[in-house]
Amino acid sequence: MTTSLFSVVAAGAATSKEPSTIAIIFFGAFVVVTLGITYWASKRSSKSTSQFFAAGRSIKGWQNGIAVAGDYMSAASFLGIAGIISTQGYDGFMYSVGWLVAYLTVLLIVAEPLRNLGKFTMADVLAYRMQAKPVRAAAAFSTLTVTTFYMIAQMVGAGSVVNLLLKIDYNWAVTIVGLVMLSYVVFGGMVATTWVQIVKALLLIVGTIILSILVLAQFNFDLGKFFDQTTKVQTGKLAAAAKAGDTEIKVSAGVTKDKNIIVGEDGASQETFKAVDVIGNAPFIITLADTLSADVPAGALVKGPDGKEYKVAALAKANTKAIRLETNLASPVAGKTVAQLGLSQKPEMDINGQKIKAISGAPINVNVKLDKPLTRDYAASTIAGSPTDFMQPGRRYSNTQEKWGALDLISLGMALILGTAGLPHILVRFYTVPDAVEARKSVVWAMVIIGGFYIMTTFLGFGAATLVGSANVGTVDSSGAFIANTNLAAPVLADKVGGEVFYAFVASIAFATILAVVAGLTITACTTFSHDVWLNIIKNGKEKPGEQILVARITAFVVGGLAILLAIAMPGANAAALVALAFAVAASANLPVILFSLFWKRFNTAGAVGGLLGGLIAALTLILISFNGPLGANAPFQLENPGIVSIPAGFLSAFIFTFFSKETASTHKYAEMHFRAETGVGAEVGEGGAIKGAARPGSIPTPAGVAPSTED
Amino acid sequence: MADTLKPSRGSTLATGGLTAEELEKEHQLEAIESGPEFRALESSKLKFLLPATIFFMIYYFALPVLVGFFGTNTDGTPGFMDTRLFSGFSVAYLFALSQFFMAWILAFIYLLAFAPKIDQMVRNIVEKVVNRNTEIADRERGGR
């Protein structure tokens with residue numbers, strides 16, 4: 001689903017901007033402030049496991065709500081959605097909707113029982129009435145899978161943003177991000193991680209509000225005008241400067257013969273013509289998933305997956321990620337040439353024997369004959385093109401674009417709405433509050449913030465499309481060639497409407513966003529390993545003081561180190577598939593067993609293990625055999641998102657495996673578990689919960705005699 | 001941790017080995033667990049949460065279904081969902097936007113109108129558990 005979200009930040013190119021001192025100051029300030037928070041938190045976090053893993057269960061509901069929002073609004077939300085709307089229009093907004101409505105599942109079904117039943121991890125809920133070891137092992141495996149894939153994607157993105165702004169080498173950028181994140185987690189535990197999320201969420205909201213206001217100001221705060229512009233987006237730009245009197249112009253893309261072509265930005269400087277003819281054996285530029293291992297000379301032949309050959313239009317240098325290809329079409333029409341290669345399915349190209357996937361592409365330099373001469377001069381890169389209706393649904397997902405387009409949209413919707421309630425790094429946040437009532441409040445707080453943010457993606461995405469122009473969302477590589485980079489929509493838009501300082505601010509927010517999410521993911525991985533695997537599987541639940549935290553810290557180094565190495569090893573488009581994997585796995589593996597465990601008495605250990613592994617395998621397999629996998633366009637599974645198949649597969653697997661076992665203990669303990677889930681009797685309670693709980697209005701006192709499991 | 005420390009009534013009843021106090025507590029707790037108050041709590045929650053969940057799932061999935069199948073006609077012309085209400089503002093966008101308000105309204109109804117009632121019911125049940133436990137503990141102390 002998030003395929004197009006990450007691919008290009010991951011491509012790691014450089015912007016036209018020089019390394020910005022202002023950006024360095026913003027970056028530095030954020031790092032200093034958050035490390036300060038970590039220092040403060042480190043004094044509190046080492047005391048006990050509940051301090052380290054759950055911030056002493058002392059985070060207030062509204063604070064946790066902001067932190068949940070911070071943990072949730074990752075690079076995919078901030079950079080990805082703005083980018084996808086700026087290039088694909090309305091369909092990109094589907095992500096925004098799904099990612100908010102998903103919280104109703106969390107609020108109504110999962111959050112409160114989870115808080116009442118568990119201690120530190122998702123597995124606690126399952127282990128309550130099942131055989132602890134197999135269930136914890138399977139849950140830990142799926143948690144670590146989801147978290148690792150999610151994390152590598154974020155690291156790859158972070159490396160590119162830092163690389164972009166600070167001009168630091170990609171590998172160093174990834175390493176620095178990894179080390180800063182590790183210090184939050186290792187020294188500050190959950191307390192520091194929570195406050196980093198809060199600072200980041202507030203920054204993100206402030207930045208997005210300012211950016212939205214600046215965008216609307218360009219339309220004189222007239223929503224009618226704003227929405228009107230979204231229906232005539234110019235998807236191309238002038239490839240060369242044009243002079244008054246010219247009747248033929250070079251346009252990058254997005255011109256249809258016999259249709260109107262609009263040249264120039266909205267306002268007095270804009271002119272409308274008719275495209276009398278669209279000429280040219282125009283080459284188009286393909287962005288590759290990996291770097292070229294050797295120079296590819298002009299005139300060389302490159303093979304597409306269907307065996308069709310394309311001629312290289314200009315020398316492509318080694319270690320770059322772009323190649324220009326001639327098209328064989330007599331009169332290339334925008335979109336058509338790209339469709340020939342089937343770029344949406346990421347075809348694997350054979351370039352001098354090197355197999356590289358093409359991840360995006362755009363035709364360049366189409367010559368357009370106008371019906372009348374230009375009346376004034378236009379600079380190169382001025383937006384131009386046939387007006388395209390970006391408000392029209394189905395520009396990405398519809399049966400006219402893709403064989404199963406409508407089904408893919410529904411599949412995406414399923415993964416979005418069901419994946420969130422199975423994301424381990426979101427679920428663990430509910431253990432940081434004193435009780436279920438606070439957990440409930442924190443979900444509603446998160447919904448207000450996340451919803452507000454996602455509505456504003458309208459202004460970010462459509463703003464970038466109309467003001468910057470889809471064709472100008474991207475960056476210039478070292479050779480001076482423009483490389484489309486949809487994930488830079490928000491920063492590029494900020495530059496356009498707010499100037500360089502604001503650009504640096506927004507780019508820093510992107511960096512903060514990723515850093516915070518990575519920290520949240522890391523602490524989740526550490527908690528899972530330390531609590532589920534080390535303590536409850538290896539040590540049979542016998543704990544030594546301080547040991548768990550030590551194990552978690554060591555895990556943090558391992559996880560962080562691994563993420564750094566993997567991000568360095570694969571700076572390409574894989575990151576996209578990884579985020580998609582994370583959501584699909586969460587929805588297919590984790591959610592079915594959480595729901596069955598809470599609401600189905602007959603459910604047992606075999607069902608839980610079968611459901612977790614079945615959902616995991618189904619999701620992974622379908623992604624592998626889809627066109628995002630190694631098989632490319634010829635893959636047997638023709639949906640981008642596996643959700644519509646793998647989520648039912650997860651439920652079915654959990655259901656079937658339940659009947660393989662005659663285990664009865666899990667059934668006997670259902671009543672007890674259900675009672676605790678609904679009332680919180682015996683639940684882990686936070687500061688002020690255990691003793692002062694009865695006095696606190698709105699909270700549920702813990703009964704003195706019901707033996708709440710003690711905090712360590 | 002949670003595995004080792006939590007009270008596990010199902011199995012202990014079978015093995016015995018409990019003090020009289022513990023055994024009675026277990027019995028009384030089980031009585032509360034299956035008592036009318038808890039059953040009332042369960043059914044109240046079900047009566048709200050089940051329809052609410054069905055409602056939001058249908059409302060949400062209507063969006064990708066309608067947009068996917070009725071956004072653009074197979075011949076490429078705008079479908080029903082692409083009807084424009086004012087300037088570029090379409091039915092599809094309005095429906096997408098309405099999802100946010102649907103989610104917020106449902107969340108606040110749950111938080112402000114429904115949950116407080118449930119919390120009161122929960123408090124009553126918890127109070128009952130505490131009272132019984134205190135009573136048993138007192139009796140036990142008096143007997144010594």
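Computed values, structure above
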| item | result |
| --- | --- |
| Residues (over 15 Å from A:M456 (Cα atoms), of a type in the set (G, A, S) and touching a residue at least 60 places away in the same chain (Cβ under 8 Å)) located in segment A:200-255 | A:G236, A:A239, A:A240, A:A241, A:A242, A:A244, A:G245, A:S252, A:A253, A:G254 |
| Out of A:I538, A:I549, A:I523, sole residue that is away from chain B (no Cβ under 11 Å) and farther than 21 Å from A:A192 by Cβ | A:I538 |
| Among the residues listed as A:L79, A:L107, the single one being within 11 Å of chain B (Cβ to nearest Cβ) and surrounded by 24 or more Cβ atoms within 10 Å (Cβ to Cβ) | A:L107 |
| When residues of segment B:64-85 are limited to those that are touching a Gly at 6+ places or on another chain (Cβ under 6 Å) and outside any helix (DSSP H, G or I), the one surrounded by the fewest Cβ atoms within 10 Å (Cβ to Cβ) | B:N73 |
| Of the criteria (1) part of a strand (DSSP E or B); (2) modelled with pLDDT of 75 or more; (3) under 25 Å from A:G474 (Cα atoms), which one A:D350 fails | (3) |
| Search result, residues across segment A:658-692 that are farther than 24 Å from A:F53 by Cα, at pLDDT 85 or above and more than 7 Å from every other protein chain (Cβ to nearest Cβ) | A:T658, A:F659, A:F660, A:S661, A:Y670, A:H674 |
| Options A:K60, A:K119: the member that is more than 14 Å from chain B (Cβ to nearest Cβ) and of a type in the set (D, E, K, R) | A:K60 |
| Single unsatisfied condition, A:Y128 versus (1) over 22 Å from the mean Cα position of the chain (by Cα); (2) at pLDDT 90 or above | (2) |
| Only listed residue being surrounded by fewer than 22 Cβ atoms within 10 Å (Cβ to Cβ), more than 7 Å from every other protein chain (Cβ to nearest Cβ), at pLDDT 90 or above and under 21 Å from B:A107 (Cβ atoms), chosen from B:F61, B:F95 | B:F95 |
| Qualifying position, being in a helix (DSSP H, G or I) and either at pLDDT below 95 or within 10 Å of chain B (Cβ to nearest Cβ) (or both), among A:I483, A:I450 | A:I450 |
| Every residue from segment A:633-666 that is more than 23 Å from the chain's Cα centre (by Cα) and assigned to a loop (DSSP other than H, G, I, E, B) | A:A635, A:P636, A:F659, A:F660, A:S661, A:K662, A:E663, A:T664 |
| Yes/no for A:K441 being within 14 Å of chain B (Cβ to nearest Cβ), in contact (Cβ under 8 Å) with a residue 12 or more places away in the chain and more than 30 Å from A:D169 (Cα to Cα) | yes |
| Failed item in (1) more than 30 Å from A:L652 (Cβ to Cβ); (2) touching an Asp or Glu at 6+ places or on another chain (Cβ under 7 Å); (3) among the hydroxyl-bearing types (S, T, Y), with A:T605 passing the rest | (1) |
| Criterion violated by A:L550 - all others in (1) modelled with pLDDT of 85 or more; (2) crowded, with 16+ Cβ neighbours inside 10 Å satisfied | (2) |
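The values are calculated or read from the model by the stated rules, or taken from the named source; none is laboratory data. Note that the structure is predicted; figures quoted are calculated from it, not measured. Counting neighbours? That spans all protein chains shown, and the Cβs are built from the backbone with ideal geometry, glycine included.
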